[in-house]
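Enquirer: There's a structure below that I have some questions on.
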Amino acid sequence: MYNPFKNIFSKINVFKGSNESSAVGVDIGSSAIKVIEIKRKKGKAVLETYGAIALGPYADMDIGRVTNLPVAKIAEALKEVLKQSGITESSLGLAVQVQSSLIFSLELPLFLKESEMASIISTEARKYIPVPSTEVSLDYFTLPKKEASFEEINNPEGKPSEAEKTNVLVVATQNDAIARYRSVLTACGLDASFFEIEVFSSIRSNFEHELSPVLLMDFGASRTKLSLVEFGMLKSYHTIDRGGADITDSIAKSLSIPFPEAEKMKKEFGLFGNPAEKTLSDTIKTHTDYIFGEANNVLLGYEKKNGRTINKVILSGGGSLMKGLKEVAASNFRAEIEVGHPFSKIGSPSFLDKVLETMGPEFAVAIGLALRKLS
């Protein structure tokens, strides 16, 4: 069976001697499209150009709204943002939104033969996938084994322990979603050198050499995505169906103002609030309390199951730029809080440093894709 996701789990290190000298990453989100082009110059990734375009207007909606556009409209927007940013490359790396896939782990016998792995994973995966297996493409990656504890090594009863199992991360992606992306590219006269689930692109651009478990929180327009990462590998993944557009919509309704005005107030004041309008910060806090509450439940479950403590939380995505979010995160987690800075992996003119630092979280996925293409 043809699988467009073969080798989807490429390593996070940036360069490995590829022949590619230019790379384009395209992130088609629910409210905007982000694109970036980087080039290899003297062995280093260097920023060539980047751009973003809101999708709301293409659906006759406000900027910042979550959209569900037909292929023709997405292609129109993609053509425009590529034109505006001056990108002429016809082959690119494209992100697949995580809602088009299912990510889960399987525990398999330690001494399972490689030749048996694909067949067994395909059979076991059916228990997790709510659609016929013919409608999805599967990819998998064997996760690094954890070190056995003293008790496991000295198991007096000789029973199989957790250390004697192989954990495999499995991704099932809807074939229809890939076909839809291909249709967008065809309409633009483009082709994809690869597709990648957005979470893996984000991990690649946000992580350096983290050894301890880290929680990556990606604040998108329609949802917040949680990735628990250890040794650069995704160990667990969860989504919270609440994002930046939900917050803006609540502000608009509670203050009886238009969506664009609510979006402007959210960006200007955030959780610090407007002294003249206490309802603003209270409304935002209702949503962030829910998001962080759900995230803490995920963390507690992970720490209990794996016996490992999360020492760092990285905030990413456009919503992570909201004023006061980092401070609220610090009060919710017993961990170091960091806002991702993906552009730090790419060389760029020094006069752009401030701009790129504030925009970085929004371009994390696009940057991760481009880095993979050069790797």
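None of the figures in this text is laboratory data; all of them are computed from the coordinates on show. Source: prediction; values computed, not measured. Note: ideal-geometry Cβ built from the backbone for every residue, glycine included; neighbour counts use all protein chains shown.
Enquirer: Rounded to the nearest 5, what % of the DSSP beta bridges within the chain are antiparallel ones? Please report the intermediate quantities before stating the final value.
Expert: Values: 47 of 65 bridges.
So the antiparallel bridges in the chain amount to around 70 percent.
Enquirer: Given the options Gly324, Gly25, Gly64, which has the most mean-square fluctuation in a GNM of the chain, springs set between C-alpha atoms less than 10 angstrom apart?
Expert: Its mean-square fluctuation being the largest, the pick is Gly324.
Enquirer: Note the listed values (i) 19.2; (ii) 20.7; (iii) 16.7, then indicate which one is mean projected area of the Cα convex hull in nm² calculated from this particular structure.
Expert: (ii)
Enquirer: Subtracting the Cα-Cα distance from 0.36 nm times the residue separation, let me have the gained length for Ser21 to Glu357 in nm, one decimal.
Expert: Values: separation 336, 0.36 × 336 = 120.96 nm, distance 2.45 nm.
Extra length available between Ser21 and Glu357 comes to 118.5 nm.
Enquirer: Sticking with the crude label model, points 7 Å out along Cα→Cβ, report the distance from Ser254 to Thr88 in nm, one decimal please.
Expert: That separation, rounded to one decimal, is 5.0 nm.
Enquirer: Over 27 Å between Cα atoms: which of Lys34/Lys373; Lys323/Lys345; Lys113/Lys225; Lys39/Lys235; Lys235/Lys373 fall into that group? Can you show the working numbers first?
Expert: Working: Lys34/Lys373 16 Å; Lys323/Lys345 24 Å; Lys113/Lys225 34 Å; Lys39/Lys235 31 Å; Lys235/Lys373 23 Å.
Check vs 27 Å cut-off fails for Lys113/Lys225; Lys39/Lys235.
Enquirer: Another one. Could you give the length gained on full extension between Thr286 and Glu303, defined as 0.36 nm per residue of separation minus the Cα-Cα distance, in nm?
Expert: On the way: separation 17, 0.36 × 17 = 6.12 nm, distance 2.59 nm.
Separation in residues times 0.36 nm, less the Cα-Cα distance, equals 3.5 nm.
Enquirer: Taking 22 Å as R0, compute the FRET efficiency from the Cβ-Cβ separation of Glu338 and Lys264 and round it to 0.05. Mind dumping the intermediate values first?
Expert: Values: r = 27 Å, r/R0 = 1.23.
According to the calculation, E is roughly 0.20.
Enquirer: If you don't mind, another one. Which whole-Hz couplings ³J(HN,Hα) result when phi for each residue of the range 63-74 is put into the Karplus expression 6.51 cos²θ - 1.76 cosθ + 1.60, θ = phi - 60°, listed in order with x for Gly and Pro?
Expert: Listing the rounded values in order: 4, x, 6, 7, 10, 9, 7, x, 3, 4, 6, 5 Hz.
Enquirer: Additional query: Considering the chain as a Gaussian network with a 10 Å cut-off on Cα pairs, which listed residue, Tyr181, Tyr140, Tyr302, attains the greatest mean-square fluctuation?
Expert: Most flexible of the set in this elastic network: Tyr302.
Enquirer: Quick one: which of 209-218, 92-101, 326-335 comes out on top by average Cβ neighbours within 10 Å, and what's the full order, highest first? Write down the numbers at each step before the final one.
Expert: Numbers: 209-218: 19.3, 92-101: 22.2, 326-335: 15.7.
The densest-packed peptide leads the list: 92-101, 209-218, 326-335.
Enquirer: Report the full-extension gain for the segment Ala72 to Ala187: residue separation times 0.36 nm, less the Cα-Cα distance, to one decimal in nm. Working shown, then result.
Expert: Numbers: separation 115, 0.36 × 115 = 41.40 nm, distance 0.73 nm.
Computed gain between Ala72 and Ala187 is 40.7 nm.
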